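Colleague: Would you mind keeping the following structure in view while I ask a few things?
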Amino acid sequence: MAIQPYLFFNGRCEEALDFYKEKLGARVDMLMRFKENPDKGAMEHMKVDPESVMHASMHIGDAMIMCSDGMGSDGKTNFQGFSLALNVANEAEADKAFAALAKEGQIQMPIGKTFFSPRFGCVADKFGVSWMVIVPQEM
């Protein structure tokens, strides 16, 4: 059994994929547009842009994240009640990832030393996805 995040970007999925590729080195494994849906009958009832992303999956490090434009196209995303934890190897990598996610985003907790990590910070990226960037404490 596994739990995987599935994010809906309401018309900005491809932009988000490009952003995560550039900023976090994400690798897009699969992308299917609504126009590529093999069930053409289903498309008759959907009011979506055929060019929008029906389903995509990407890897950031070893983690798979799935995403879509969903049924929305207004570009307004609403990510609440969760954060993605980005574990990185060292402080320099943490600073780099945090700065990349914070550009056009919103810092929720500045990155710095805490009692549980040599480097930890919280940031919402430009799409509103909340990230906790952390260097795990050495035992």
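Colleague: Amide H to amide H under 5 Å from Arg33: which residues, 5+ apart in sequence or cross-chain, H placed 1.01 Å off N in plane?
Modeller: It is Met54, by chain and number.
Colleague: Here's a follow-up. Which loop-located chymotrypsin sites (Phe, Trp or Tyr not before Pro) does the range 59-139 contain, where loop means any DSSP state but H, G, I, E or B and the Cβ has at most 13 other Cβ atoms within 10 Å?
Modeller: Values: sites: Phe79, Phe82, Phe98, Phe115, Phe116, Phe120, Phe127, Trp131; in loops: Phe79, Phe82, Phe115, Phe116, Phe127.
The qualifying sites are Phe82, Phe115, Phe116.
Colleague: Ok, one more. Looking at the range 56-139, which GluC sites (Glu not before Pro) are in a loop (DSSP not H, G, I, E or B) and have at most 10 other Cβ atoms within 10 Å? Could the numbers behind the result be given before it?
Modeller: Working: sites: Glu91, Glu93, Glu104, Glu138; in loops: Glu104, Glu138.
Those satisfying the criteria are Glu104, Glu138.
Colleague: Another question, then. List the aspartates and glutamates whose Cα lies under 19 Å from the Cα of Lys47, skipping any in the same chain that are fewer than 8 positions away.
Modeller: Straight-line reach from Lys47, under 19 Å: Glu14, Glu36, Asp39, Asp69, Asp74.
Colleague: Moving on to the next point. Work out from phi, with θ = phi - 60° and the Karplus expression 6.51 cos²θ - 1.76 cosθ + 1.60, the ³J(HN,Hα) of each residue of the range 44-50, listed in order in whole Hz, and give x for Gly and Pro.
Modeller: Karplus values, whole Hz, x for Gly and Pro: 4, 9, 9, 9, 10, 5, x.
Colleague: Then there is this: Could you give the angle, 0 to 90 degrees to the nearest 10, between helix 91-102's Cα long axis and the longest principal axis of the Cα atoms of the chain?
Modeller: Roughly 40 degrees, rounded to the nearest 10.
Quick note: the coordinates plus some simple rules give every number you see, no bench work behind them. Only a predicted model underlies this, so the values are computations on that prediction, with no experimental measurement involved. Reconstructed Cβ throughout: ideal geometry from the backbone, glycine too, with neighbour counts over all protein chains shown.
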